[in-house]
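Note sheet for the following structure.
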Amino acid sequence: MGATVKGIEAGDDRRRIPRHVAIIMDGNGRWAQRRSLPRFAGHKAGVEAVRKVVEFCIQRDIEVLTLFAFSSENWRRPQKEVGLLLDLFMLALNREVKRLKRNNVRLRILGDKTAFPDKLQARIEAAEKSTAEGSGLQLQVAANYGGRWDVAQAVRRLAVKVQAGQLTPEAITEEAIAAELSFAGLPDPDLFIRTGGEQRLSNFLLWQSAYAELYFTDTLWPEFGEQAFGQALASFASRQRRFGQTSEQARAADAGTPSG
Ligand code: IPE
Ligand code: IPE
Ligand code: MG
């Protein structure tokens, strides 16, 4: 056995732990409705689930966690629910930042923040700034985020560079686009989880999830705890990622031996 990497023998199962987990946290409304509670109670319970999942990720040495909190399509919900969701977001930022900082977590918010009230934008900026030194878990919360928006904003930035004569159209490669996306520099999601039973992507990380392993569970988000998370990780660990190769090639790559 080789040297240990964060307590795990090199050459064995470290690669079986995803570096980046992305989660569509769905099912808050149904969780509340089943208890004859207002939908908002489900969103509040959802915040508790977020706190726990962040802790599990820290314990399991996961590098990046990206959570879908509010999609660019969620503005279509009743105005009252949207307002309550934004209030809850503000409250959670106020409450959690200290704990995140203590745990060496770096928090970033992904999405078009310009649509948020000024107070919330300022709060987001302050939270990002105060955790900017965090070198542990990289926590990303997607709010007013859409995968198509992300690609469009990246392409728009490249177009500005072309217009300024800093870039030729030929230089617009996959890498160039990827470098302008929301979390350029961090690894792409390895494991993409959706709770709540629906099996769709709902415009989450479209570009970045091109090779993510998808995992759908019926568990509603407020009930997604250590056991459910463990099951998702076990499912990930049992899969062979081939990236276009044959399973034989992938096995050889896993074992660290070159294959023809
Ligand atoms: C996910 O839960 C949270 C947000 C989209 C903000 P939902 O509110 O979509 O819950 P369901 O799907 O109605 O149960
Ligand atoms: C996706 O959930 C967005 C978030 C979890 C924030 P939705 O519940 O809004 O997705 P759809 O509309 O059912 O696809
Ligand atoms: Mg939903």
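A 1.4 Å probe run over the chain, with the rest of the protein chains in place, finds 54 Å² accessible per residue.
Spacing of the modelled spin labels on Arg35 and Tyr211, each 7 Å from Cα toward Cβ, amounts to 4.1 nm. Solvent exposure of Thr219, expressed as accessible area, is near 40 Å², computed with a probe of 1.4 Å over the protein chains only. The count of lysine pairs in the chain that are at least 8 places apart or cross chains, and whose C-alpha atoms lie under 24 Å apart, stands at 22.
Within the chain, what whole-number % of the accessible surface is contributed by carbon and sulfur, with the 1.4 Å probe and all protein chains included in the calculation?
With neighbouring chains kept in place, the figure for the chain is 51 percent.
Residues of the stretch 185-220 with amide nitrogen under 15 Å from the 7 Å Cα-to-Cβ point of Arg241? Counting backbone N atoms under 15 Å from the label point, the list is 186-193, 208-215.
Per residue, the convex hull spanned by the Cα atoms of the stretch 177-238 amounts to 100 cubic angstrom.
Counting 0.36 nm for each residue step from Ser130 to Glu248 and taking away their Cα separation leaves a gain of 37.8 nm.
For the pair Ile58 and Asp118, the difference between a 0.36 nm per residue extended length and the Cα-Cα distance amounts to 18.5 nm. In summary, the convex hull built on the alpha carbon positions of the chain has an orientation-averaged projected area of 16.7 nm².
Principal axis analysis of the Cα atoms in the stretch 50-123 yields extents of 38, 22, 19 Å, listed in decreasing size.
With equal scatterers on the alpha carbons only and no solvent term, can you work out the Debye log10 of I(q)/I(0) for the stretch 128-260 at 0.12, 0.15, 0.21 1/Å? At q = 0.12, 0.15, 0.21 Å⁻¹ the computed log10 ratios are -0.69, -1.00, -1.29. Taking the inverse of the mean 1/r over every pair of distinct Cα atoms in the stretch 1-154 gives a Kirkwood hydrodynamic radius of 16.9 Å.
Please check which bits of the stretch 38-70 a label hung off Asn104 would reach, taking the label as a point 7 Å along Cα-to-C-beta and the cut-off as backbone N under 13 Å. Answer for the stretch 38-70: 58-63. Accessible surface ranking for Val21, Val155, 1.4 angstrom probe, highest first: Val155, Val21.
Going through the DSSP H helices of the chain, which span 30 Å or more along their own axis at the Cα atoms while scoring at least -1.0 as a mean Kyte-Doolittle hydropathy? Helices passing the filter in the chain: 39-59, 79-102.
The values are calculated or read from the model by the stated rules, or taken from the named source; none is laboratory data. Model, not experiment: these values are computed from the prediction. Every residue, glycine as well, gets a Cβ built from its backbone with ideal geometry; the counts of neighbours run over all protein chains shown. Accessible surface is based on the protein model in full, side chains and every heavy atom, while ligands, DNA and RNA are left aside. Shrake-Rupley method; radii C 1.70, N 1.55, O 1.52, S 1.80 Å.
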